[in-house]
1. May I ask you to list pairs of residues, at least six apart or on different chains, whose Cβ atoms are under 6 Å apart, with the first in the stretch 150-179 being in the same structural domain as L44 (by TED's automatic domain parsing) and crowded, with 22+ Cβ neighbours inside 10 Å and the second being hydroxyl-bearing (S, T, Y) and outside any strand (DSSP E or B)?
2. How do the pairs read when you match residues in the stretch 36-50 that are within 19 Å of T147 (Cβ to Cβ) and in a loop (DSSP other than H, G, I, E, B) with residues anywhere that are polar (S, T, N, Q) and modelled with pLDDT of 95 or more, using Cβ under 6 Å and keeping only pairs 6 or more apart or on different chains?
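The values are calculated or read from the model by the stated rules, or taken from the named source; none is laboratory data. The shown structure was predicted, so the numbers you read here are calculated from the model rather than taken from an experiment. Every residue, glycine as well, gets a Cβ built from its backbone with ideal geometry; the counts of neighbours run over all protein chains shown.
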Amino acid sequence: MLIKRIIAVSIFTFVISALSVTCQAEEFNPAQPLGIYEHLDSTLSDDLVFTDELGNKTNLKEAIDRPTILVLVYYECPGLCSPLLNGLAEAVEKCDLDVGKDYQIFTVSFNPVEKTPLARKKKRTYAKLVKHGDTDGHWKFFTGDSTMIKRLLDEVGFQVKKEGKEYIHPASIIVLSPEAKITRYLYGSTYFLPFDLKMAVTEAAAGRSGPTINKVLNFCFSYDPKGKKYVFNVTKISGSFILLLALLLLFNMVRKNKKKAVHPKINQE
């Protein structure tokens with residue numbers, strides 16, 4: 001009995017230690033600044049100027065007068081950006097809040113080579129996917145120069161890495177309050193829950209920031225630079241599977257010990 005208890009305690013200690021390592025937040029590495037480093041409650045600078053799809057110069061902070069969803073992509077991305085925008089458009093369509101009335105969306109390209117005609121083309125594509133709300137006036141598509149782009153990415157903690165003509169980048173949307181304060185990060189690559197979107201917008205309207213519950217993309221996927229796409233991370237998922245098996249083993253041992261304690265074996269003559 002003592003040996004089994006020692007084994008059970010050892011398994012439990014191993015599981016807790018492994019979980020703490022697996023679930024630990026990723027720290028910023030200056031030598032490889034790729035990913036999202038949340039800057040909750042930070043406020044955008046007063047002089048971030050980008051060009052919208054109509055060619056108008058826009059000061060982002062001055063244009064934020066209501067809850068704002070900030071989407072950082074690049075328009076000719078061959079991978080995550082289009083699914084991300086599709087997922088957002090689907091959530092916006094299903095959400096019972098209206099673009100324009102309740103919130104607005106700013107999509108910003110982090111590729112300084114992309115210009116206004118491409119932003120205008122992207123806007124036409126996604127405006128068609130949302131049937132309610134004023135997407136024409138309040139889903140804006142921006143481009144900018146390299147200096148403004150870098151400053152914006154640094155301020156919101158969205159770090160990308162250029163590989164040839166393309167970029168390695170994370171997938172997330174960032175929610176801002178009417179005062180341009182960062183209140184929420186929503187992670188995903190193809191799907192966002194309309195309820196999560198509504199709650200994030202509602203909290204932003206009140207100026208309340210909320211912690212991130214789940215970073216699904218960072219945990220389950222890694223970038224394949226050769227294939228130029230995000231792939232299933234076998235190592236991390238295998239580690240999680242092993243942890244699950246260990247937990248099941250621990251639970252089974254505890255359950256058997258309890259049964260023996262309640263129903264001791266009766267020696268037969």
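1. Sorted first by the residue in the stretch 150-179, then by its partner, the pairs are A171/S189.
2. Every condition considered, no pair remains.
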